[in-house]
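Colleague: The structure is given below, and queries will be raised subsequently.
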Amino acid sequence: TLPESIGNLTGLERLDLKGCFTLQRLSDSLGNLTGLQSLILSGCSTLQRLPDSIENLTSLRTLHLACCSNLEMLPNVGNLTSLRTLHLACCSSLQMVPNVEHLSSLEYLNVSQCSKLQWGAGVVEQLRQQLEESCFIEEGWQE
């Protein structure tokens with residue numbers, strides 16, 4: 001677990017914890033990092049959840065969660081209005097990404113090998129329209 005004091009780094013723009021195999025959860029104070037533009041957690045295979053406060057990261061442009069195999073659900077991501085890249089490949093336990101269709105700046109979404117991922121009615125079509133000119137990977141999509 002990251003210490004609560006991580007939230008005091010309000011000027012932090014990039015947090016890269018890639019490959020931290022023993023990281024199980026992140027502090028709720030992560031939501032205080034309102035200047036954060038890039039959050040890299042790929043390969044954190046024991047990460048179980050992200051804090052709900054992640055919805056406060058309105059400057060976040062990149063969120064990499066590839067190979068976070070114990071992650072079952074993301075918190076509400078609909079407020080991440082600056083998010084351009086969402087990389088979820090190989091999140092084999094991931095079942096939900098609430099409000100992903102509200103990510104108005106999204107340009108790249110990778111959900112390959114997310115076989116348990118379920119989408120609400122109409123979400124896939126809405127995302128297809130939104131991302132039609134972007135690199136878009138459909139593998140593993142289920143409606």
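The values are calculated or read from the model by the stated rules, or taken from the named source; none is laboratory data. This one's a predicted model, so the numbers in the text were calculated from it and none came from an experiment. Positions of Cβ are backbone-derived with ideal geometry, glycine not excepted, and every protein chain shown enters the neighbour counts. Ligands, DNA and RNA are excluded from the accessible area calculation, which covers all protein heavy atoms including side chains. Shrake-Rupley method; radii C 1.70, N 1.55, O 1.52, S 1.80 Å.
Colleague: Every residue in the range 102-114 that is open to solvent by less than 70 Å² (accessible area, probe 1.4 Å) and within 14 Å of Glu72 (Cα to Cα), please. Lay out the reasoning, then the answer.
Modeller: Initially, the range 102-114 is screened for residues open to solvent by less than 70 Å² (accessible area, probe 1.4 Å), giving 103, 105-106, 108-112, 114.
If the condition is that a residue be open to solvent by less than 70 Å² (accessible area, probe 1.4 Å) and within 14 Å of Glu72 (Cα to Cα), then Val111, Cys114 are the ones that fit.
Colleague: Still on this structure, I have one more. Here is a check on your reading of the model: is Ser38 surrounded by fewer than 18 Cβ atoms within 10 Å (Cβ to Cβ) and more than 16 Å from the chain's Cα centre (by Cα)?
Modeller: No: the conditions fail for Ser38.
Colleague: Then there's this: So, Asn99, is that one of a type outside the set (A, V, I, L, M), at pLDDT 95 or above and open to solvent by 50 Å² or more (accessible area, probe 1.4 Å) or not?
Modeller: no
Colleague: Give the range 48-72 a look and list any residue that's over 17 Å from Leu86 (Cα atoms) and surrounded by 17 or more Cβ atoms within 10 Å (Cβ to Cβ), or say none.
Modeller: Ser53
Colleague: Specify which of the listed residues (Arg49, Arg61) is modelled with pLDDT of 95 or more and basic (Lys, Arg).
Modeller: Just one listed residue meets the conditions, Arg61.
Colleague: Taking the range 23-46 only, how many residues are hydroxyl-bearing (Ser, Thr, Tyr) and not in a loop (DSSP other than H, G, I, E, B)? Walk me through how you get there before you give the answer.
Modeller: Step one: of the range 23-46, the residues hydroxyl-bearing (Ser, Thr, Tyr) are 27, 29, 34, 38, 42, 45-46.
Adding the requirement that they be not in a loop (DSSP other than H, G, I, E, B) leaves 29, 38.
Count: 2.
Colleague: Now, a different point. Go through the range 1-22 and give me each residue that's part of a loop (DSSP other than H, G, I, E, B) and open to solvent by 70 Å² or more (accessible area, probe 1.4 Å).
Modeller: Within the range 1-22, Thr1, Pro3, Leu9, Thr10, Glu13, Lys18, Phe21, Thr22 meet the criteria.
Colleague: Determine, yes or no, whether Thr85 is over 12 Å from the mean Cα position of the chain (by Cα) and either surrounded by fewer than 16 Cβ atoms within 10 Å (Cβ to Cβ) or among the β-branched types (Val, Ile, Thr) (or both). So that I can check it myself, show each step before the final result.
Modeller: Numbers: over 12 Å from the mean Cα position of the chain (by Cα): no; either surrounded by fewer than 16 Cβ atoms within 10 Å (Cβ to Cβ) or among the β-branched types (Val, Ile, Thr) (or both): yes.
Judged against the criteria, Thr85 is not a match.
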